[in-house]
Ligand code: PAF
């Protein structure tokens with residue numbers, strides 16, 4: 001596996017892959033890899049792509065400086081895992097390589113038209129976050145020009161935002177969304193799980209258990225009652241504070257009021273477990289083609 005630190009070397013490598021007839025699959029990550037990331041690599045390898053992974057903790061998407069400072073970094077482990085998973089090349093640039101004109105200039109230079117999907121939920125609670133995600137992903141799409149790019153459904157809203165960004169920026173990349181990977185106890189895999197104390201880690205699976213139970217609960221209850229029962233239950237658990245729980249149309253991310261409002265309905269949640277911000281989601285209704 002090649003480790004590439006500069007855009008010039010990345011582009012030369014990708015050009016050679018394409019000249020040799022490969023389709024290129026991009027797996028963007030911020031490192032501290034877990035099985036969820038590796039499932040994206042597996043999906044790309046399974047599609048026959050030559051896989052380029054990126055490992056870059058993107059400062060422009062952190063609205064909280066402490067979150068950026070404490071974000072776990074494990075580059076040597078990450079490279080070992082990526083190589084074993086069959087990645088062809090990893091792009092692991094410095095901040096200066098990605099943002100040569102500085103962070104402020106980069107974020108002010110181009111404001112992305114992300115539409116309504118970026119206004120709600122994460123967009124509301126993490127101002128600027130999706131502009132930063134759009135910025136780095138658009139840069140990666142332009143640098144690599146991949147045929148496909150792979151993202152995990154744990155970040156459900158992020159996928160909607162990236163689809164929108166790719167469309168408005170005219171970037172012709174197939175966005176492949178991959179199912180959430182969970183630990184045996186149901187906790188959605190996340191790099192942030194490493195920041196949980198032992199007690200918090202023991203409590204955190206209640207997030208998924210509550211969401212899973214709410215699917216059954218939804219059968220005999222309204223959307224509002226289902227929402228309330230999830231929030232009340234989790235807020236009563238040790239360490240937990242629900243930041244938001246929204247039940248939304250899976251395409252527009254607009255809140256639904258009635259189960260009949262859409263054939264694709266997803267519940268998206270963010271919970272603080274102690275100081276660690278965890279996100280997850282559950283599907284209530286999904287059409288065959290979603
Ligand atoms: O999902 C992530 O890890 C990040 O938001 C991404 C897509 C790699 C952009 O930095």
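The values are calculated or read from the model by the stated rules, or taken from the named source; none is laboratory data. In this text, all values refer to a predicted model and were calculated from it rather than measured experimentally. As a convention, Cβ positions derive from the backbone with ideal geometry for all residues, glycine included, and neighbour counts pool all protein chains shown.
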Item to check | All positions within the range 55-74 that are out of contact with any helix residue (DSSP H, G or I) (no Cβ under 8 Å at 6 or more places or on another chain) and surrounded by fewer than 15 Cβ atoms within 10 Å (Cβ to Cβ) | outcome: 64, 65, 66, 69, 73
Checklist entry - If residue 55 passes every condition in (1) over 20 Å from residue 177 (Cα atoms); (2) at pLDDT 95 or above but one, which one does it miss? => result (1)
Item to check | Filter pass, residue 90 being touching a strand residue (DSSP E or B) at 6+ places or on another chain (Cβ under 7 Å), assigned to a strand (DSSP E or B), within 13 Å of residue 146 (Cβ to Cβ) and in contact (Cβ under 8 Å) with a residue 40 or more places away in the chain | outcome: no
Next on the checklist: Suppose we filter 21, 31, 48 for residues that are within 24 Å of residue 125 (Cα to Cα), modelled with pLDDT of 95 or more and assigned to a loop (DSSP other than H, G, I, E, B); which single one remains?
Outcome noted: 31
Checklist entry - Conditions: (1) more than 30 Å from residue 123 (Cα to Cα); (2) surrounded by fewer than 22 Cβ atoms within 10 Å (Cβ to Cβ). Residue 82 meets all but one. Number of the miss? => result (2)
Next on the checklist: Let me confirm something: among 184, 145, which residue is out of contact with any strand residue (DSSP E or B) (no Cβ under 8 Å at 6 or more places or on another chain), surrounded by fewer than 17 Cβ atoms within 10 Å (Cβ to Cβ) and over 25 Å from residue 254 (Cα atoms)?
Outcome noted: 184
Checklist entry - Residues in the range 35-59 that are free of Cβ contacts under 8 Å to residues at least 40 places away in the same chain, touching a strand residue (DSSP E or B) at 6+ places or on another chain (Cβ under 8 Å) and away from the ligand (no atom under 13 Å from the Cβ): how many? => result 2
Checklist outcome for this item: Those residues of the range 96-138 that are in a helix (DSSP H, G or I), within 14 Å of the ligand (Cβ to nearest atom) and closer than 30 Å to residue 271 by Cβ come to a total of 15
Item to check | Index of the failed condition, residue 124 passing every other in (1) surrounded by fewer than 19 Cβ atoms within 10 Å (Cβ to Cβ); (2) in contact with a strand residue (DSSP E or B) (Cβ under 7 Å, 6 or more places away or on another chain); (3) within 20 Å of residue 245 (Cβ to Cβ) | outcome: (2)
Checklist entry - Conditions: (1) crowded, with 16+ Cβ neighbours inside 10 Å; (2) more than 11 Å from the ligand (Cβ to nearest atom). Residue 179 meets all but one. Number of the miss? => result (1)
Next on the checklist: Quick check on my filter: what residues within the range 222-246 are out of contact with any strand residue (DSSP E or B) (no Cβ under 8 Å at 6 or more places or on another chain) and either under 22 Å from residue 277 (Cα atoms) or assigned to a helix (DSSP H, G or I) (or both)?
Outcome noted: 224, 225, 228, 229, 232, 233, 236, 237, 238
Checklist entry - Applying the selection to the range 60-87, what residues are touching a residue at least 60 places away in the same chain (Cβ under 8 Å) and either within 14 Å of the ligand (Cβ to nearest atom) or in a helix (DSSP H, G or I) (or both)? => result 60, 61, 62, 63, 67, 70, 71, 72, 79, 82, 83
